[in-house]
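Student: First the structure, which I've put down as structure tokens, then a few questions once you've had a look.
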Amino acid sequence: IHNIKDFMIPGVFLCVTFAVLLAENVAHMNEAKWHAHVARGAKHLDAEPVYTVFYIEWLINVPILLILAGRYALSRPLIEVARPLVVTNVYIILAWAGYFIQETGVRVFVVITAFILYFWASFDMMNWVRKYQRDSDDVSCLRPFLSISLIVIFGIYGIVYVCRLLGAVSGEGEWFFFLVMDAGTKLLASIAFAGIRSAEYHGLLLDMVVNTNVVFQRELASDDPKKPLKDRCEEADERPRAFGDGS
């Protein structure tokens, strides 16, 4: 298979994301709650738990998902993937810090900055899609699907985050949402790459069939060299012709 390394690396990356996700779920089952901190922001957040383990998991897995979406799904160079990757990790850290800032003005500034960085990273990711569609003959939406889906999913995360800061969502509700969405996002990435690989294998097999010279030869009904050629040909004409005989 041509460039087999690019076929294998996405699978390895996806296995890493699931391993990190498993470690996160094990942490949630720990009664010591070492993975959570106490919020020190608005009054309705005082003494509320902030599940830091989610943010740690995102700092590891989100860059992997961005590499999968940009480098391996859309064939963008790593230099294009690097900026939104770094920007995304910065706004993840700012979002986490927003729970511990007591001054309302500073907290609002940090949250707004985090969303500005989200839109900046999303703009770069949409540029991946536009450049891929410009440079590639692929008219399907399978490869761009992962990048667009991540933009939408990260935006939904942001909405839930703001609702928690405003008191519209409880800590338990946020925890349940993040837990489900973390697993769902990894499954979505796995399904997307399964479809991409299936399409690649289908195209590879099709190219092999089209570019391979296959000789179809009709056998005579009788191979007896002593029988006259005319009789042998008549016997062959009475038999059904094989596909590829030109009739």
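The values are calculated or read from the model by the stated rules, or taken from the named source; none is laboratory data. Source: prediction; values computed, not measured. Neighbour counts are summed over all protein chains in view; Cβ atoms, including those assigned to glycine, are modelled from backbone coordinates with ideal geometry. All accessible areas refer to the heavy atoms of the entire protein, side chains included, with ligands and DNA or RNA removed. Shrake-Rupley method; radii C 1.70, N 1.55, O 1.52, S 1.80 Å.
Student: Which one is modelled with the highest pLDDT, of the residues in region 161-172 that are of a type outside the set (Lys, Arg) and open to solvent by less than 30 Å² (accessible area, probe 1.4 Å)?
Tutor: Of everything passing the filter in region 161-172, Tyr161 is modelled with the highest pLDDT.
Student: Could I ask something else about it? Is there a residue being more than 20 Å from the chain's Cα centre (by Cα) and modelled with pLDDT of 90 or more anywhere in region 150-160?
Tutor: Yes: one or more hits.
Student: Taking interchain pairs and intrachain pairs at least six residues apart, which have beta carbon atoms under 7 angstrom, with the first residue in region 91-113 and closer than 17 Å to Leu59 by Cα and without any contact (Cβ under 8 Å) to a residue 24 or more places away in the chain and the second among the aliphatic types (A, V, I, L, M) and open to solvent by less than 80 Å² (accessible area, probe 1.4 Å)?
Tutor: Within 7 Å, the pairs are Leu94/Val110; Leu94/Ala114; Ala97/Val110.
Student: Determine, yes or no, whether Val129 is hydrophobic (A, V, I, L, M, F, W, C), surrounded by 12 or more Cβ atoms within 10 Å (Cβ to Cβ) and either over 23 Å from the mean Cα position of the chain (by Cα) or under 25 Å from Ile56 (Cβ atoms) (or both).
Tutor: So Val129 does not fit the description; no.
Student: Could you tell me which of the residues Val53, Val86 is assigned to a helix (DSSP H, G or I), in contact with a strand residue (DSSP E or B) (Cβ under 9 Å, 6 or more places away or on another chain) and under 30 Å from Val12 (Cβ atoms)?
Tutor: Among Val53, Val86, only Val53 is assigned to a helix (DSSP H, G or I), in contact with a strand residue (DSSP E or B) (Cβ under 9 Å, 6 or more places away or on another chain) and under 30 Å from Val12 (Cβ atoms).
Student: Would you check if Phe119 is free of Cβ contacts under 8 Å to residues at least 40 places away in the same chain, in a helix (DSSP H, G or I) and among the aromatic types (Phe, Trp, Tyr)?
Tutor: Judged against the criteria, Phe119 is a match.
Student: Ala121 - would you say it is open to solvent by less than 10 Å² (accessible area, probe 1.4 Å), within 20 Å of the chain's Cα centre (by Cα) and not aromatic (Phe, Trp, Tyr)?
Tutor: yes
Student: Cβ-Cβ distance below 6 Å, separation of 6 or more or different chains: which pairs start in region 178-190 with a residue that is assigned to a helix (DSSP H, G or I) and end on one that is surrounded by 18 or more Cβ atoms within 10 Å (Cβ to Cβ) and hydroxyl-bearing (Ser, Thr, Tyr)?
Tutor: Correct list of pairs: Lys186/Thr17.
Student: While we're here: Provide a single number: the residues in region 84-109 that are over 28 Å from the mean Cα position of the chain (by Cα), open to solvent by 50 Å² or more (accessible area, probe 1.4 Å) and modelled with pLDDT under 95.
Tutor: 7
Student: Which of the numbered conditions does Val81 fail, given that it passes all the others? Conditions: (1) open to solvent by less than 50 Å² (accessible area, probe 1.4 Å); (2) in a loop (DSSP other than H, G, I, E, B); (3) hydrophobic (A, V, I, L, M, F, W, C).
Tutor: Failing condition for Val81: (2).
Student: Which residues, taken from region 49-66, are open to solvent by 40 Å² or more (accessible area, probe 1.4 Å) and of a type in the set (Val, Ile, Thr)?
Tutor: Answer for region 49-66, where residues must be open to solvent by 40 Å² or more (accessible area, probe 1.4 Å) and of a type in the set (Val, Ile, Thr): Ile56, Ile60.
Student: Being among the aliphatic types (A, V, I, L, M), in a helix (DSSP H, G or I) and within 18 Å of Met126 (Cα to Cα), is that true of even one residue in region 90-113?
Tutor: The answer is no; no qualifying residue exists.
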